[in-house]
Structures are given as C-alpha cells and as structure tokens.
Amino acid sequence: MDLIQTIIIAIVEGLTEFLPVSSTGHMIITQNLLGVQQGNPFVHAFTFIIQFGAILSVVCLYWKRFFQMRNHEEFISKMKFYGLLLVGIIPAMFIGLAAKKSGLLDWLLDSVEVVAVMLVLGGIFMLFCDRIFNKGNEDNKVTSRRAFFIGLFQCLSVIPGMSRSMSTIVGGMQQKLTRKNAAEFSFFLAVPTMAGATLLDLIDMFGEGTTWATSHNIMLLIVGSVIAFFVALLAMKWFVSFLTKYGFKAFGWYRIVVGLIILAMLLTGHSLVMAS
C-alpha cells in the first residue's frame with residue numbers, strides 16, 4: 001500500500017463506518033479497485049485498525065456519556081452503562097474469535113463476491129426494515145436483556161457486506177428502541193467491540209514476527225487512523241439526524257445498486273482493478 005491508497009481507503013472507512021452499508025465491505029471493494037494486494041496480513045490488520053480509529057470518534061463525540069462522573073449518582077450510572085456494553089459484546093467475543101481462529105474471517109475478508117451478495121441481500125431487507133419493526137417507544141431504554149440481543153445481532157457483521165451498524169441498529173429496533181436510541185447504542189457498542197478486534201489483530205501481527213513493522217507501514221496505520229477518525233466524526237453527526245427522519249430505505253437502495261454493479265462486473269469477467 002502507498003500513501004494515496006491509504007488516504008482514499010481511510011476516507012471511505014470514515015464515511016461508511018456508522019452508515020448501514022458495511023464499512024468493511026466498502027474497504028474491500030476500494031482495495032480491489034485500487035489494486036491493493038489481498039491476502040496480505042498487514043492489509044487485513046490495516047482494515048481493522050483504522051476502523052478502530054473511526055470508532056474513537058464516538059468517544060470524542062459522546063465524551064460525557066463515557067467519562068463524566070461528577071457525583072455518586074453519575075458514577076453508578078456509568079457503571080451500569082459499562083455493564084451494558086460488557087453484556088453486549090459477549091456474543092461477538094465468542095463468534096468473532098471462533099471465526100478468526102478458524103481462518104473463516106480472513107477468507108471472508110478476501111471475498112469481493114461475498115461482499116457484493118451481502119450488500120444486495122441486506123439492501124433488500126432494509127427496504128422493508130422500517131415496516132417490519134414499528135417505531136420504538138422513547139420510554140424504552142437499553143436493559144441487560146436488550147443489550148445481549150443487540151449483541152447477538154452484531155455477530156452477523158462477521159460477514160463482510162452485512163454491516164455492523166445495520167445489524168446492531170436493527171437489533172435495537174427489534175428490541176423496541178427508537179431509531180435514534182438504537183443508533184446511539186450501536187455507536188457505543190462499537191467501541192469495546194472494535195477495541196477487542198484491533199487488539200487481537202495486533203497480537204497476531206506481532207506473533208507472526210515484526211517484519212511488517214516497517215516505518216512505512218506504521219506511518220500508514222497512523223495516517224489512516226487519523227483520517228478515519230475525523231471523517232467518521234462528521235459522518236456520525238449527519239447519520240443520526242438522517243436516520244431519525246428518513247429511516248433505512250435510501251441506504252437499502254444504495255446497497256442494492258452497488259452490490260449489483262459489483263456482481264455484474266464479476267460475472268462478466270471484468271476486473272475491479274482500475275487501469276493505471
């Protein structure tokens with residue numbers, strides 16, 4: 001990977017991380033379009049690490065929700081909040097770790113075909129999502145039970161193209177949360193989930209040796225993470241407002257169009273790599 005490829009991929013990640021269109025899927029497609037070598041351990045790790053850079057924008061935007069503890073009541077509230085996040089990541093801890101250790105996750109990350117199919121299928125579902133799950137009640141809050149079920153939905157995002165954001169927001173709506181509350185809990189749950197995924201990737205990378213840790217690669221990780229952070233910060237603010245007003249349908253059509261274009265190119269033997 002070079003610097004220009006890194007910047008483009010990081011911008012794509014920041015724009016799509018919180019949208020229900022699959023940031024991982026879009027990065028895989030973008031990497032293929034840019035001619036980035038697939039199957040490279042560093043490329044796999046880069047995909048997850050810059051996602052964590054984008055996720056940190058949640059901590060920045062919702063700083064008070066994560067850390068403000070001015071009195072005993074706020075301290076108790078924060079402990080309950082952290083407890084809900086812990087319950088929510090339990091399913092992903094088992095499913096994600098199993099997928100990674102089996103090699104399934106690495107195989108999926110190399111498959112543009114899987115991304116395209118899941119974009120289409122997920123898009124079709126999103127066209128009807130708002131009808132399937134009626135508007136939630138503002139009085140409904142995230143409980144331990146709801147957090148666990150939302151965590152189960154999050155496990156679907158192990159498949160590239162499925163979208164972690166879509167899976168968890170739909171999970172929240174299935175649990176009778178409003179679109180806004182479901183989206184915000186999706187953001188919060190992403191922090192420990194992606195922190196764990198990033199840590200596992202770093203451990204694996206160091207376990208395979210440090211030949212990858214060149215000054216060039218480290219620079220790419222830093223640049224990609226910083227760009228993804230700032231772009232995601234802007235995208236997240238816009239997304240909550242749009243989703244609350246308009247729902248999922250626009251994202252559904254977008255997913256279907258992109259997925260069908262990719263499938264058409266693959267089925268007709270066209271390469272996704274752009275001519276240089």
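The values are calculated or read from the model by the stated rules, or taken from the named source; none is laboratory data. None of these values were measured; they are calculated from a predicted model. Glycine also receives a Cβ, built like all others from the backbone with ideal geometry; neighbour counts cover every protein chain displayed.
When you scan segment 22-73 for helices (runs of 4 or more DSSP H) that lie fully inside it, which ones turn up with 1 or more residues that are over 20 Å from the mean Cα position of the chain (by Cα)?
On the way: elements: 23-34, 41-61, 63-67.
Helices (runs of 4 or more DSSP H) meeting the threshold: 23-34, 63-67.
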When every residue in segment 217-276 that is of a type outside the set (Phe, Trp, Tyr) and touching a Cys at 6+ places or on another chain (Cβ under 9 Å) is compared, the one nearest to residue 56 (Cα to Cα) is 233
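Within segment 212-226, is there a residue that is β-branched (Val, Ile, Thr), within 17 Å of residue 23 (Cα to Cα) and touching a Gly at 6+ places or on another chain (Cβ under 7 Å)? Don't jump to the end; show me each part of the working.
Within segment 212-226, the subset β-branched (Val, Ile, Thr) is 214, 218, 222-223, 226.
Of the ones still in play, those that are also within 17 Å of residue 23 (Cα to Cα) are 226.
Now drop any that are not touching a Gly at 6+ places or on another chain (Cβ under 7 Å), which leaves 226.
Yes, because at least one residue in segment 212-226 is β-branched (Val, Ile, Thr), within 17 Å of residue 23 (Cα to Cα) and touching a Gly at 6+ places or on another chain (Cβ under 7 Å).
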Give the residues of segment 190-199 that are surrounded by fewer than 16 Cβ atoms within 10 Å (Cβ to Cβ) and in contact (Cβ under 8 Å) with a residue 60 or more places away in the chain, sorted by residue number. 195
So which residues in segment 82-102 are exposed (fewer than 14 other Cβ atoms within 10 Å of the Cβ) and not aliphatic (A, V, I, L, M), if there are any at all? 82, 83, 94, 101, 102
Scanning segment 239-264 for residues that are more than 15 Å from residue 126 (Cβ to Cβ) and either small (Gly, Ala, Ser) or at pLDDT 90 or above (or both) gives 241, 261, 262, 263, 264
Among 140, 181, which is of a type outside the set (Val, Ile, Thr), part of a helix (DSSP H, G or I), under 28 Å from residue 80 (Cα atoms) and more than 16 Å from the chain's Cα centre (by Cα)? 181
Of all residues being of a type in the set (Asp, Glu) and assigned to a helix (DSSP H, G or I) in segment 184-231, which is nearest to the chain's Cα centre (by Cα)? Just the residue, please. 184
Scanning segment 15-46 for residues that are touching an Asp or Glu at 6+ places or on another chain (Cβ under 6 Å), crowded, with 24+ Cβ neighbours inside 10 Å and closer than 14 Å to residue 220 by Cβ gives 27
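Determine whether residue 157 is modelled with pLDDT under 95, in a helix (DSSP H, G or I), polar (S, T, N, Q) and surrounded by 14 or more Cβ atoms within 10 Å (Cβ to Cβ).
On the way: modelled with pLDDT under 95: yes; in a helix (DSSP H, G or I): yes; polar (S, T, N, Q): yes; surrounded by 14 or more Cβ atoms within 10 Å (Cβ to Cβ): yes.
Yes, satisfied.
Can you say whether residue 73 is touching a residue at least 60 places away in the same chain (Cβ under 8 Å), of a type in the set (D, E, K, R), more than 22 Å from residue 216 (Cβ to Cβ) and surrounded by fewer than 17 Cβ atoms within 10 Å (Cβ to Cβ), as far as the supplied structure shows? Spell out the reasoning first.
Details: touching a residue at least 60 places away in the same chain (Cβ under 8 Å): no; of a type in the set (D, E, K, R): yes; more than 22 Å from residue 216 (Cβ to Cβ): yes; surrounded by fewer than 17 Cβ atoms within 10 Å (Cβ to Cβ): yes.
No, not satisfied.
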